[in-house]
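Just so it is clear, none of the values below were taken in a lab; they were calculated from the coordinates. Values in this document were obtained by computation on a predicted structure and should not be read as measured data. Glycine gets a Cβ as well: all are built from the backbone with ideal geometry, and neighbour counts include every protein chain shown.
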Amino acid sequence: MSQRTMRAARFHAADQPIRVEEVPYPEAGPGEVVVRVAACGICGSDLHFFDDLPPIVPPPLTLGHEPAGVIESLGAGVTDWAPGDRVALHVGRGCGRCRACLADHPTSCPSLKAAGLMIDGAFAEAVRVATDCLVRVPEGVSLAAAAVATDCVATPYHSLTCRGGLEKGERVAVIGVGGLGGQALRLARVLGAAQVVAVDASSTALERARAQGATDTVLATSVAETAARVLALTEGGVDLALECVGKPDAVATGASSLHAGGRLVIVGVGMQPPRIDQPQVVFLAAELSVLGSFGSHAKDLAEVLRLQADGSIDIDAAISHRIGLEDIAAGFEMLRTKRGDPNRIVVEPGRP
């Protein structure tokens, strides 16, 4: 009897385009489920596989770490879930026993298993995952919105709340207002920020940022000039800056835009060392903080889905393009070149 197969988009090497191939259909092991993928977002992090980020595991690898879908089958010992349940997949799971996990930093676990990054992901018709990666999708929330929520929205939520400690009435700057940054703008307003300044090198992105909740916008030029504009708009600096680009200049801009006691949270993924263009004595005297933020916790994703369900945010509005699996290479190129002004591109494997 021939083995059941499915279509999946596979990464082979940085100098080769992603391509759709036939691969074995997944089977759920103990404590696992197989999810029929309804939607999976294309993330800027996916592009890093073809740029300067070395693969975490030897290829080939099925990419896709922003999925949502419907449970299709259960592995041994799974009792809390049933076929037909609508689920979003959290970015990954730690071992639950190491120092990082016990300190509530599960995405820093050395044994982290994240679909699409360390194990086969969801640019496919189906994906196999452990049940502790599952978050239930509330009624009324589309699976496309739930897919985008898994990383594009839960990640900035985590950076604003868990890492940045945003308080109501504070002033916020978001450096880089693409997919992650655009969601950070809206979330900051929902969470009570009094002022949210959008900073980007694209005037088009800044126009969109105004619609997403930015109270002020700054067109990025040099670090010094850009930071000076933010300082002027915020009466001396912001309480919290989010860097969502992954570039040294963006980090330096965020650090130079802080008020005394301010926090810079670095969210953007990059391979270059971060840069702070300030004398150490100035940085110390102002008691500034620089923090890293990677991914999110499952509770963050659950809260984001709740905000979507009650109408506080509108993730569907951020989806600019929906494509089928066969068009994924074109989707990657669209995101890389920004042609067609993509905001969030979602792959729907069932789309013709």
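Table for the structure above
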read-out	value
Magnitude of the charge dipole, segment 95-184, Cβ model with Lys/Arg +1 and Asp/Glu -1, debye to 20	260 debye
Principal axis dimensions, largest first and in whole angstrom, of segment 165-292 by Cα	39, 31, 25
Global size of segment 74-139 as Cα Rg and Dmax, reported in angstrom	12.9, 36
Dimensionless Rg ratio for segment 1-160, taking C-alpha atoms and the 2.2 N^0.38 Å reference	1.02
Label-point separation, Asp316 to Ala76 (7 Å along Cα→Cβ), nm	4.2 nm
Charge-dipole axis of the chain as Lys and Arg at +1 and Asp and Glu at -1 on Cβ define it, positive-most pick from Ala68, Ala227, Gly96	Gly96
Lysines with Cα under 22 Å of Lys113, excluding same-chain neighbours fewer than 8 positions away	Lys299
Leading residue at positive end of dipole, segment 103-250 (Cβ point charges), from Ala126, His158, Ser108	Ala126
Under 5 Å, built H, 5+ apart or other chain: amide partners of Asn343	Ser320, His321
Burial ranking of peptide ranges 127-137, 144-154 (average Cβ count within 10 Å, highest at the top)	144-154, 127-137
Hits among aspartates and glutamates - C-alpha to C-alpha of Lys168 under 15 Å, sequence gap 8 or more where chains match	Asp239
Simple Cβ-charge dipole of segment 165-292, Lys/Arg +1 and Asp/Glu -1, about Cα centre, in debye nearest 20	300 debye
Whole-number D in µm²/s for the chain (Stokes-Einstein; Kirkwood sum over Cα pairs; 25 °C, 0.890 mPa s)	119 µm²/s
Set of lysines near Lys247 by C-alpha distance (under 18 Å), chain-local residues within fewer than 8 positions excluded	Lys338
Relative exposure of Glu21, Glu66, Glu125, Glu167, judged by other C-beta atoms within 10 Å (fewest first)	Glu167, Glu21, Glu125, Glu66
Structure-based [θ]222 nm, the chain - -39500 (n - 2.57) summed over DSSP H runs of at least 4, per residue, nearest 500	-7000 deg cm²/dmol
Share of Cα-Cα pairs in segment 106-233 lying beyond 20 Å, as whole percent	55 percent
Shape call, segment 159-236: gyration tensor on alpha carbons, a/c limit 1.5	oblate
Segment 258-300 shape via C-alpha gyration tensor axes, a/c threshold 1.5	oblate
Among 331-339, 251-259, the order from most to least packed when residues are scored by Cβ within 10 Å on average	251-259, 331-339
Estimated dipole of the chain in Debye, rounded to 20 [Cβ of Lys and Arg +1, of Asp and Glu -1, Cα centre]	160 debye
Proxy reagent accessibility, fewest Cβ within 10 Å first, across Phe123, Phe294	Phe294, Phe123
